[in-house]
Amino acid sequence: MSSVRRLMVTPSLPRKHGLSLWSPQSSSIGFRSFRRSYVAASSSAFANENREFVIVGGGNAAGYAARTFVERDMANGRLCIVSKEAYAPYERPALTKGYLFPLDKKPARLPGFHTCVGSGGERQTPDWYIEKGIEMFYEDPVTGIDIEKQTLTTNSGKQLKYGSLIIATGCTASRFPDKIGGNLSGVHYVRDVADADSLISSLEKARKVVVVGGGYIGMEIAAAAVGWKLDTTIIFPEKHLLPRLFTPSLSKRYEELYQENGVKFLKGASIKNLEAGSGGRIAAVKLEDGSAIEADTVIIGIGAKPAVGPFERLGLNTNVGGIQVDGQFRTSAPGIFAIGDVAAFPLKMYDRVARVEHVDHARRSAQHCIKALLSAQTLTYDYLPYFYSRVFEYEGSPRKVWWQFFGDNVGETIEIGNFDPKIATFWVDSGKLKGVLLESGSTEEFELLPKLARSQPSVDKAKLRNASSVEEALNIARTSSQV
């Protein structure tokens, strides 16, 4: 890295919120020399040589932020990334999808899913970061910050200097308390490659798998376990799968699909504790009603918490969690930004504050933030909520499942189709189409969804409800919005 690390000492100049007062129209001073002015330091006390921009975090948001810096020719010798990960940023959704496929079903492996391949971009391997002059610190999470001195402290004791700081720490998995068996051998949480590798080691020897949680993670991991031909049970306290998004009717369709693949469900169940066997490994999941489910591998997928870490003093949102930011992802502290899962941001089109745990938002928030930082862009982030899942996609699966949702799941629901081969659900509120979910659509149909959700057309509910097919229903919605 020494060949690409450079420090340029220039006169100290004023800045505002981590941005110089330079504008693209100014010709009085070069941008390169200006941007270094407030981060260059002669002290050797700092471990990083690239100090103008520092990204904390090594997930999707960090990878897409790095790409945006490179696209703007502002990475080489300027950008540093410090991460708890052992790997360069990668497309995290793969960990509960293709990464968990059995070895004979072509599982995903690094370097195959480094960012930014998930959006059709270049694969940013570790060598890519070296070639672009980006300084990387692996397996060394940030544990402290001195906002006034613009310095960070890492777990190993390193001191890092920053000019502008981008927090992209994502989330951590919600865990069961140790006192009820949350840390037993054979109990897994999946947030990084090491977690997924540990789970695969268990699946290779497993006979009975219990997945705790009926959300995205639980559904995807249970589908992967089916590929291993394992006895699989999903346990959750709610009445149906994915209640935050799915209607009871839609959940029933997916539950039937999983049951056809041998998955068992325990709905409305509360777990008392996880029990260990004689060797200290998980042996059973004990429920509050006194019953027990035998298990030699348990995966906990009960949600995640924003990884705020040492950045709490920047200001947290008490309603949705995470670090509060504005429409350019600026925090309350000048020169410090937060992006991705950890950011609580204004959801412009719905006029509320939100925190979105999804790869699409991680990508888009990173790009918006860095463009704003480097170009003095003042446009407010205008995000359209988007969620998707892909399951049973391993080789030899009788049916591959892929659904997408765009918009807001509020109002009355109208369901069209019989799930064979496809189904669509429309959310209509005050006569306007607010959200739409489509299972097994064509490329053209999936491309229509965000246009419908963003335009929020007025729709004839009776006409939509009487549609004889998904295709007809989508055409009614398309005609209503004229997209």
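Annotations for the structure displayed:
- Estimated FRET transfer efficiency (residue 289, residue 447; beta-carbon r; R0 41 Å; 0.05): 0.30
- Links that overshoot a 23 Å alpha carbon limit, given the list 106/239; 400/451; 264/305; 205/272; 105/208: 106/239; 400/451; 264/305; 205/272
- Segment residue 380-residue 432, length gained on full extension (0.36 nm per residue, minus Cα span): 16.3 nm
- Average projected area [Cα convex hull, the chain], square nanometres: 24.8
- CD proxy at 222 nm, helix term only [per DSSP H run n ≥ 4: -39500 (n - 2.57); per residue of the chain; nearest 500]: -6500 deg cm²/dmol
- The chain, accessible surface, carbon-and-sulfur percent (1.4 angstrom probe): 48
- Each of 288, 445 has its accessible area taken with a 1.4 Å probe; listed largest first, they run 288, 445.
- Where the Cα pairs of segment 347-431 fall when distances are cut into 5 Å bins, in %: 3, 11, 15, 18, 15, 14, 11, 7, 4, 2, 0
- Anisotropy class of segment 212-292 from Cα gyration tensor, a/c 1.5 cut: oblate
- Taking all protein chains into account, the per residue accessible area for the chain stands at 42 Å² (1.4 Å probe).
- Straight-line reach from residue 132: taking Cα to Cα under 29 Å and skipping same-chain neighbours fewer than 8 places apart, the lysines in range are 16, 84, 149, 158, 161, 371.
- From the alpha carbon centroid of segment 300-359 to that of segment 217-275 is 29 Å.
- Globularity index of segment 432-483 is 1.01 (Cα radius of gyration / 2.2 N^0.38 Å, N = number of residues).
- Using a probe of 1.4 Å on the protein chains alone, the accessible area found for residue 302 is around 80 Å².
- With Cα atoms, 0 to 90° folded angle of helix 443-455 axis to the chain main axis: 70
- Degrees separating the helix 60-71 axis from the principal Cα axis of the chain, which is the longest one: 40
- Helix 248-260 vs. the chain, principal-axis angle (Cα, 0 to 90°, nearest 10): 80
- Counting heavy atoms of the protein chains alone, residue 122 has an accessible area of about 110 Å² for a 1.4 Å probe.
- Distance between the C-alpha centres of segment 432-458 and segment 373-409: 12 Å, rounded to the whole angstrom.
- A 1.4 Å probe, protein heavy atoms only, puts the accessible area of residue 100 near 0 Å².
The values are calculated or read from the model by the stated rules, or taken from the named source; none is laboratory data. Being a predicted model, the structure only gives us computed values, none of them experimental. For neighbour counting, all protein chains shown are included, and Cβ atoms are generated from backbone atoms with ideal geometry for every residue, glycine included. Surface accessibility is based on the protein's heavy atoms, side chains included, excluding ligands, DNA and RNA. Shrake-Rupley method; radii C 1.70, N 1.55, O 1.52, S 1.80 Å.
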